[in-house]
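A.B. asks: First, the structure itself, so that you have it in front of you.
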Amino acid sequence: MADDAPRHFDSDSFDSNSFDSDSFEIEIALSTWRQFLSRDRAILPEDLDELESHLRDEYAAALAEGLPPRKAYEKARASTGNPGELHTAYRRVESEKRYSRHGMGREARYMSSLARSYVTSGARSLARSSAASIINIVGLSIAVACAVTVYLFLGVYWSLDAFHEKGERIFMVEHVVERNGRMETRGTVPEPLGPAMAVDMPQVLGAVRLDHAGTTVSNGNRSFQERLTYTDDGFFDLFTFPLATGSPDALTDPTAVYLSHETAQRLFGLHDDPVGEQLTLTFGPSDSREVIVAGVAEPFPANAGFDFSVLAGWAARTAAADQTAGGPTDGEWGVMVSGLFVEVADASEFATAALAGQLADYIPRQRGARDDYPIERFVLDNLRNPMPGAHKVLFRPTEAPHPILAGMFVLLAVLMMALSCFNYINISIGLALRRLREIGVRKVMGGTRGQLTAQFMVENLLLCFGALVLGVAGAWYALIPIFNNLFVLQIESGFFTEGTFWLFLVVLLLGTAVLSGAYPAWYVSSFRPVSILGGRTRLMGNAWLTKIFLYTQFFLAFVTILVVVLVAENGRFMRALDWGPEEASSVLYVSVPQSDMVTEVSQWITARSDVERMAGAVHHAGRSMPTTEIEIDGQVLLTLVYRVGRDYLSVMGLDETELTAGRVVVNETFMTSAGWTLGDGHRVALDSTTYEVASVIPDFHINPLSIHRPALFVLVDDPAAHTWLVARAGRDGAPAMLDDIEARWQQRWPATEFDGDVQARVFNPFLESYDNLSKSLGYLGALALLIAAMGLYGLSSQNISRRMKEVAIRKVLGASSGRTLLTVNSAWIRMVIVTGVAATLASLAMLTAGYSLAPEELLLMPITPRPFIIGYMTVLAAALLAMGAHARKVTSMNPALILQSA
Amino acid sequence: MSTKSLNGASITAIVLSILRRGDSYGYEIISRVRELSQGDVEWTAGSLYPVLHRMKTNGWIRDYWHEPDGERRRRYYAITPAGEKALETERRKWMTFHRVLTTLWEGA
C-alpha cells in the first residue's frame, strides 16, 4: 500500500519491516501511550498534551545522543515517568484541586478529553497512511456526491406539482379509449366537459381547462416562437402560480395575456415592467392579433410539472375560433382539448369514485359527436398524488414521475456507494494488517476490544466526514451543474436551508460510517495480541470476505467501464450515420418565425449568385416532429406529417419531383406500416381531404435516434405560412452562404436569435450534448477504475510483502523476476479474468434485454465485440499496472538479506 | 545524592527561581536543573508537572501555550507577582537553613 508515513529509520517504502521484529514507529508508540493515559481521569487533556510534548523532547534528546529509536523511546518514557507514577502524582494534585475553582466541570472535561484523544489518534493514523486515506476519501466522496445529487433529484421528481396549495383536491379528468385493439388512457377531454361538470355537479367547486396552440410572439422586432396556453377564468384561483406584477382577474378579457417570468425577460429585458405593453401574436399568414400584457408570473418552482409561457383566457380562444372558420369552436363534444382540472369539495376515495362514476353520464354525448373515437370511460387522477400508472397516460397535461427512471437513479447511487464501501473495507483491512503490531501493543497495554472498535470507528467517522464534505462540494460544483445541463428538470440551490437535507446528510454520514467501518473494526479488534506479537497471526487467513469484496468491486468496475465504452461507441455510431441524402452538406436551413422575415431572408438568398434552389416549409425535417394520427383501413398510424413548400423535397435531395396539390409523398416505413406496396394508387385522408400518394422516398433521419418511422409530406404553398427556409448552394458554397445570412440577420434583427445551419449538421447540438454526457460518464468510469485499481494495488502489495521470503527462495532457486511476480500475483490475475468474463456476460445480457424493450423505430447500435474488447483491455491494463507497481521490489530484492533476517 | 524529601521541599524554590529569569516549559526546567546540578538532580515529568499545576492553583505562576518559530507548541510557565512574594519567603527560609548548616559544619 502506498504509504507516506514518516519512517524515521527504514527507508524501504512499504512493508517488509512492518512485521519484522525490529520495526518501530514512534507515532504508534506515542498514540498508544497517550491513549492509555487518557483513561486516567486525573490527567486532563491539556496536561496530556504537555506530557506528550515532554516525551517528544526527551525522545529527541535521546536520539541526539545516538540511541537507536526503540531505546531512545524507552529512555524517554522512563524519564517522563511510567503511567502508575504519573497517576499517583497527578491524583494528588487533583484531589487538592477538587474543591478549588479549577475543579469545576471536571467530569465534562474528562469526557471531552476522551473524545479528543480518540480524534487525535484517529487523525494521526489517517495522516500516517495519507495515500490510502486519500483514496478512501476520494472514493467515498464520489459516491456521496452521487447520492446527494440523486436525493435532490428525487426530491424534485417525487414532489412534482406539490406546491399547488389546493393540490390534494385538484383532479385531472382523463379518458380511456380503445386504439388498435388496446385500451389507452389519455389526458385530453371533450371541450364542453369542464363547464358541464361545474354546472351539473355540486361537488365540483371549479373546473379549469387547458389547451395549447403554437404562436409567434413579437414585441417590435423581438420575435419568439412560443406555446400559447388557453385557460378558464379560475386558473389563478385553482393553481398556485403567484403573479409578480399585474392582477389575476383579466382572463375574461380576450385581448389579455399573462407571461411567464422567462418569456417576459426575453420579450422585454430584465428590468421593465411589461404590464400594459402591447404584443403581437401571429398564428398564420392572415391571422395576427394585438394583445395587452395583464401580468407576469413569479419564476416557476423547479418541480412544476406543467406551467405556461404565454397564457390567455378561453374567451381569446373563442374569439380566434370565430375569426377562422374551421378552427376551434366552443361547446362541441367532438373537439378534444389538452386538459381539464377540477377542484372537488371532498377528495376522499369514496367521493372521487362516485364522481368518476357520474362522469359516465357524459359518454353518450361524446360518442354522439365522434363515432370514430368512442370514449370508454373517464378517470380522475390527482395532481399531487398521481394515480398508479400515471406515467403511462398519453398526453397527460402534467408530468408524472416515472418509477423506472427514479429506480435507475437510485440504483446508480447505491452502486456507487457499494463500490466505494467495498473499496474502503479492502483498504481498511489492508491498513489494519499493517497495524497489527500497534493493535497488539494496545491490547497488551489493556486496550479493550470495545476501545479498539471505538478507536477504529472514530477514525472511520473522521474519514467519512471528510468524504461527506468533499462529496457535497463535488455535487454542488460538478454533478448538479452537469445534471441541470442534461435534464429539463432542474435542481435548485435552495436545499441548503432545508432541514431534511441536513438530516439526510447526517443519515448518509452515519450510514456510510457503519457500512464501511463495521466489518473492518470487528476484524481488527478480533486479533489476538499474543499471536500478533509472536508473529504468528495468519494475515490473510480469514480474508475470504476481503476476496469477495474485491471480486464484487472489480465486477462493478468492469461493468461501469463497459457501460462507458458502450455509450462512447454509440456516440461514434450516431456520428457516423448520415443525415440522409448526400446533398445535406450543400443544403442550409434557417428558422424564420415571422412572415416578413420569410420575405426578407428569401430575398437575401435569391440575391446570391451561388444559390441553386430555395424552398420554404412549415415543418423542417430534422428539427420538427409534427406527429399526427392518420387512419388507414381502420388502423391508426402515428405519422410525422411535414407541411412543406413546392420545392422542399428537391432542395433537400429527398425527391426530385415537385410536390403538387392533392398529392402527398411518403417514406418507405409509411408504406410498410400501412401494409402497402408500390404503385397501387393509394389514398390518404388528412384534415378531411383525400390525397393521392404520388411517390415513395427512402427513409431519412427523423431525429438523431430514429429513422424508421412513418413520414408524410404534404404541400403548403403559401410562403407567408412558412417558418423555415431551405436553400441549396453550389459546390461547397453552403457554409459561406450561411455566414452571410447570419451576418445580415444579426444586423437586421439583433434581438432575435439566429437559428440556422448546414443540414448535415442538423443533429450537432444533440450529438454535442450526447458527447458531454458520454464524457461525464467517462470520468465517472475512470474514477471507479482508479478506486478499484488502488484497492488491488494495496492488497497485492500486502500479499507480496507477506511472501517476501517465499519470493527470496524462488529467486535463489533460479526463478526469473517476471515469473516470480506472476506466481505471487496469480490469485489476482485469476480474479481479473473471472470478473471480466462475468461482467461481459452481465453487460451483454443487460444490453440485449434493453434492446428488446426499446421501441422499434429507435436506432440501435449493432452489438459487436469491439466495445467489450476495449473495455476488457482497459481494466486489464489498469489491474496489471496496479500489480506491476511492485515489480521493482521483487526484481531489486536481495534474497540473501531477506533470508538472513529470518 | 538527592533524596525525595529534599526534592519535595526544594522544588518550589528552584522552579520559581528559574522562572524569575524568564518564562520556560517543563522539559527545559528539568534540563536546566540537571545542568546546574551537573547531573546530580534528575527530576521526572511525574514529579515536576503536578508541582507546576499546584503552583498555578496557588496563583504563583501562570501558564500559556506558545509556539516559537521553528519549534513545537509547548506550555510555558511565567512567574506572577504572588510568585515573586512566595519566592522571597522561600529565599529567606533557605538562606536561614543555609546559615544554620554552614555554621554547624564549620564548627565541626
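The values are calculated or read from the model by the stated rules, or taken from the named source; none is laboratory data. Here the structure is a predicted model, which means the values were calculated and not measured. FYI the Cβ positions are ideal-geometry reconstructions off the backbone, even for glycines, and counts take in every protein chain you see. Surface accessibility is based on the protein's heavy atoms, side chains included, excluding ligands, DNA and RNA. Shrake-Rupley method; radii C 1.70, N 1.55, O 1.52, S 1.80 Å.
A.B. asks: Measure of size requested: the Rg and Dmax of the stretch A:167-400, with Cα atoms as the atom set and Å as the unit; please supply both.
C.D. replies: Expressed in Å, the Cα Rg and Dmax of the stretch A:167-400 come to 18.2, 55.
A.B. asks: Let me ask you something else. Residues of the stretch B:67-82 losing 40 Å² or more of accessible surface, assembly versus chain alone, probe 1.4 Å, please list them.
C.D. replies: In the stretch B:67-82, residues shielded by partner chains: B:R72, B:R75.
A.B. asks: Of all GluC sites (Glu not before Pro) in the stretch A:689-784, which ones are in loop regions per DSSP and have a Cβ with at most 15 other Cβ atoms within 10 Å?
C.D. replies: Sites meeting the loop and neighbour criteria: A:E753.
A.B. asks: A further question follows. Nearest 500 deg cm²/dmol is fine: what mean residue ellipticity at 222 nm does chain B get from its DSSP H runs of n ≥ 4 alone, each adding -39,500 (n - 2.57), divided by its residue count?
C.D. replies: It comes out at -21500 deg cm²/dmol, rounded to the nearest 500.
A.B. asks: Something else now. Binning at 20 Å from 0, report for chain A what percent of all alpha-carbon pair distances ends up in each bin.
C.D. replies: Spelled out bin by bin, chain A gives 11, 32, 28, 19, 10, 1 percent.
A.B. asks: Ok, one more. Note the direction-averaged projected area, equal to a quarter of the hull surface, for the Cα convex hull of the stretch A:718-822, in nm².
C.D. replies: 14.4 nm²
A.B. asks: In Å² (nearest 100), what accessible area is buried between A and B, both sides summed, heavy protein atoms only, 1.4 Å probe?
C.D. replies: Interface area, both chains combined: 1900 Å², rounded to the nearest 100.
A.B. asks: Which percent of the accessible area of the protein assembly as shown is formed by carbon and sulfur heavy atoms (probe 1.4 angstrom)?
C.D. replies: Roughly 58 percent, rounded to a whole number.
A.B. asks: Taking the Cα atoms of the stretch A:744-902, what is the range of coordinates along each of the three principal axes, in descending order and whole Å?
C.D. replies: So the extents along the principal axes, rounded to whole Å, are 88, 43, 21.
A.B. asks: For the stretch A:31-80, what are the per-bin percents of Cα-Cα distances with bins 5 Å wide, up to the bin holding the maximum?
C.D. replies: 5, 23, 27, 22, 13, 7, 2, 0
A.B. asks: Kindly provide the trypsin sites (Lys or Arg not before Pro) of the stretch B:44-94 that DSSP labels as loop, not H, G, I, E or B, and whose Cβ sees at most 15 other Cβ atoms within 10 Å.
C.D. replies: Qualifying residues, ordered by number: B:R72, B:R73.
A.B. asks: Answer rounded, prolate or oblate for the stretch A:564-640, using the Cα gyration tensor with square roots of eigenvalues a ≥ b ≥ c: rounded when a/c is under 1.5, else prolate when a/b is larger than b/c, else oblate.
C.D. replies: Oblate.
A.B. asks: Pick out, in residue order, every one of the GluC sites (Glu not before Pro) in the stretch A:120-179 that is DSSP loop and has at most 13 other C-beta atoms within 10 Å; say none if there are none.
C.D. replies: A:E165
A.B. asks: With only alpha-carbon atoms counted, please give the Rg and Dmax of the stretch A:119-213, in Å.
C.D. replies: 27.1, 78
A.B. asks: Mind pulling the angle between the C-alpha long axis of helix A:314-323 and the longest principal axis of chain A? Nearest 10 degrees, somewhere in 0 to 90.
C.D. replies: 40 degrees
A.B. asks: Using 0.36 nm times the number of residues separating A:E376 and A:T280, minus their current alpha carbon distance, what extension gain do you get?
C.D. replies: Separation in residues times 0.36 nm, less the Cα-Cα distance, equals 30.4 nm.
A.B. asks: FRET efficiency for A:S826 and A:A406, Cβ-Cβ distance as r, R0 = 45 Å, nearest 0.05?
C.D. replies: Taking R0 as 45 Å, the efficiency between A:S826 and A:A406 is 0.55.
A.B. asks: While we're on this one: Between the helical axis of B:4-20 and the dominant principal axis of chain B, each derived from Cα atoms, what acute angle in degrees is found, rounded to the nearest 10?
C.D. replies: On a 0 to 90 degree scale, this one is about 60.
A.B. asks: Next up: Excluding A:Y642 itself, calculate the net charge of residues whose Cβ lies under 13 Å from the Cβ of A:Y642, where each Lys or Arg counts +1 and each Asp or Glu counts -1.
C.D. replies: Numbers: positive: A:R623, A:R643, A:R709; negative: A:D655.
Local net charge: +2.
A.B. asks: Per-residue ellipticity at 222 nm for chain A, helices alone: DSSP H runs ≥ 4 residues times -39500 (n - 2.57), over residue total, nearest 500 deg cm²/dmol?
C.D. replies: -16500 deg cm²/dmol
A.B. asks: Here's something else I'd like to know. Return the long-range amide H neighbours of A:V379 (sequence gap of 5 or more, or a different chain), with a cut-off of under 5 Å between placed amide H atoms.
C.D. replies: So A:V379 has HN proximity to A:E174, A:H175, A:V176.
A.B. asks: How much area per residue is accessible in the protein assembly as shown when the probe is 1.4 Å and only protein heavy atoms are counted (Å²)?
C.D. replies: Ligands and nucleic acids excluded, the result is 46 Å² per residue.
A.B. asks: Let me ask you something else. At most 16 other C-beta atoms within 10 Å and a DSSP loop state: those are the exposed GluC sites (Glu not before Pro) I care about. Give me the longest piece of chain B that has none.
C.D. replies: Details: sites that count: B:E42, B:E71.
Maximal segment without exposed cleavage sites: B:1-41.
A.B. asks: Take A:A61 and A:R124, extend 7 Å from each Cα along the Cα→Cβ direction, and tell me the distance between the two endpoints in nm.
C.D. replies: Placing both labels 7 Å beyond Cα along the Cβ direction yields 2.0 nm.
A.B. asks: Please list log₁₀ I(q)/I(0) at q = 0.20 Å⁻¹ for the stretch B:3-68, using the Debye equation with identical point scatterers on the alpha-carbon positions.
C.D. replies: Listed by q, the Debye log ratios stand at -0.81.
A.B. asks: For helix A:130-157, report the angle its Cα long axis makes with the longest principal axis of the Cα atoms of chain A; keep it between 0 and 90° and round to the nearest 10°.
C.D. replies: The answer is roughly 30 degrees.
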